[in-house]
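Worksheet: one structure, shown below.
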Amino acid sequence: MNLRAILMGLAFALMWSSAFTSARIIVAAAPPLTALAVRFALSGVIGVTIAALLGQSARLSRRQWGAVILFGICQNALYLGLNFIAMQTIEASLAAIIASSMPLLVALAGWLIFRETVRPLGLLGLFAGMAGVAIIMGARLSGGADAVAIMLCGIGALALAFATLAVRGVGGSGNLLMVVGLQMLVGTIALLPFALALETPTVAWSWQLIAAFTYTVLVPGLLATWVWFKLVGQIGAVKAATFHFLNPFLGVTVAAILLGETLGWYDALGVVVITLGILAVQMSKQSPRGRESA
């Protein structure tokens, strides 16, 4: 992994982690699915427009179109949609911790479905990471956290893992920004019917909401997705997902600074165990005997 890939991974991790805090601000003032559908529409239009000005084309292969649609539905409509709904009743830090299980799920799928080699250290990391998630879930549920919201975040993490594997077919596309914009529009199309049917578009306007929404559209929504596609294209889905090991720490740190959220001892223990588990999985992938399909 070269320096450029490392810097891209660090930038993505910070942008991805900060999205939970901005989302928490948004759903406290606006209907979650409606806000998300509008966000995707704006990000998509901006992305497609810039891509067109750069000479990029929407003429993708059938495989690329399939991956764009899958990514738009799984990552945008399911993962983010479920997390936005959940964060109406749970903290941003908890949502970030649950989502951090995604690289473990990707590695598990690579092992069980794609028959990728996982050394004993990697298996230990998988089990340790899942144990860390269990520690946090047990502590939060016993503390009265919304079980339904936690379940929605868990389903979202599964959808995100599936989306991460789906982008293998589009990571090296020469029309990268166009691909990013198109999958945002797919998210809008998927979410809009549910937003119209289930929500009343009542918004409590404030400068905090406007700032959080603008940031979410441009940074986690557009820039982070573009960086993610580039990163997957360079180093593959499993290695790229490893940068999520930073998300538990970064997610709770940003939430603590901007929202004043705090963590208990079990939460801190779980974050450490998850982080070590993800690192163990990554270390096992560094062996020449391991392999990864990009």
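Listed here are the residues, each with its yes/no results for (1) modelled with pLDDT under 90; (2) on the phi > 0 side of the Ramachandran plot.
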{"site": "71", "(1), (2)": "yes, no"}
{"site": "80", "(1), (2)": "no, no"}
{"site": "88", "(1), (2)": "no, no"}
{"site": "102", "(1), (2)": "yes, no"}
{"site": "115", "(1), (2)": "yes, yes"}
{"site": "127", "(1), (2)": "yes, no"}
{"site": "132", "(1), (2)": "yes, no"}
{"site": "138", "(1), (2)": "yes, no"}
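Do you know which residues across segment 89-122 are within 12 Å of the chain's Cα centre (by Cα) and of a type in the set (Gly, Ala, Ser)?
95, 96, 99, 100, 101
When you look at residue 102, is it in contact with a Lys or Arg (Cβ under 6 Å, 6 or more places away or on another chain), under 23 Å from residue 215 (Cβ atoms) and not acidic (Asp, Glu), yes or no?
no
Tell me, please, whether a residue that is farther than 30 Å from residue 197 by Cβ, touching a helix residue (DSSP H, G or I) at 6+ places or on another chain (Cβ under 9 Å) and crowded, with 17+ Cβ neighbours inside 10 Å can be found in segment 51-59.
yes
Identify, by number, the condition in (1) in a helix (DSSP H, G or I); (2) over 13 Å from the mean Cα position of the chain (by Cα); (3) of a type in the set (Phe, Trp, Tyr) that residue 205 doesn't meet.
(1)
Find all pairs meeting these conditions: Cβ atoms under 7 angstrom apart; at least six residues apart or on different chains; first residue within segment 258-275 and farther than 23 Å from residue 22 by Cα; second residue surrounded by fewer than 16 Cβ atoms within 10 Å (Cβ to Cβ).
273/131
Being part of a helix (DSSP H, G or I) and in contact with a Ser or Thr (Cβ under 8 Å, 6 or more places away or on another chain) is the filter here; which residues of segment 44-74 pass it?
Correct list: 44, 64.
Quick check: anything in segment 139-152 in contact with an Asp or Glu (Cβ under 8 Å, 6 or more places away or on another chain) and of a type outside the set (Asp, Glu)?
For segment 139-152, residues in contact with an Asp or Glu (Cβ under 8 Å, 6 or more places away or on another chain) and of a type outside the set (Asp, Glu): present.
From the set of residues in segment 19-43 that are part of a helix (DSSP H, G or I) and of a type outside the set (A, V, I, L, M, F, W, C), which is nearest to residue 177 (Cα to Cα)?
Top of the filtered list is 43.
Considering only residues that are among the hydroxyl-bearing types (Ser, Thr, Tyr) and surrounded by 23 or more Cβ atoms within 10 Å (Cβ to Cβ), which ones fall in segment 209-238?
216, 225, listed by residue number.
Listed residues 19, 35, 23, 5; which is over 23 Å from residue 193 (Cα atoms), crowded, with 18+ Cβ neighbours inside 10 Å and touching a residue at least 40 places away in the same chain (Cβ under 8 Å)?
19
If you check every pair at least six apart or on different chains, which have Cβ atoms under 9 Å apart with a residue in segment 234-245 that is under 17 Å from residue 176 (Cα atoms) first and a residue that is modelled with pLDDT of 75 or more and not in a helix (DSSP H, G or I) second?
From residues that are under 17 Å from residue 176 (Cα atoms), the pairs are 234/2; 235/2.
Right, residue 256: surrounded by fewer than 20 Cβ atoms within 10 Å (Cβ to Cβ) and either at pLDDT 80 or above or in contact with a helix residue (DSSP H, G or I) (Cβ under 7 Å, 6 or more places away or on another chain) (or both) or not?
yes
The values are calculated or read from the model by the stated rules, or taken from the named source; none is laboratory data. What you see is a predicted model; the values in this text were computed from it and never measured. Positions of Cβ are backbone-derived with ideal geometry, glycine not excepted, and every protein chain shown enters the neighbour counts.
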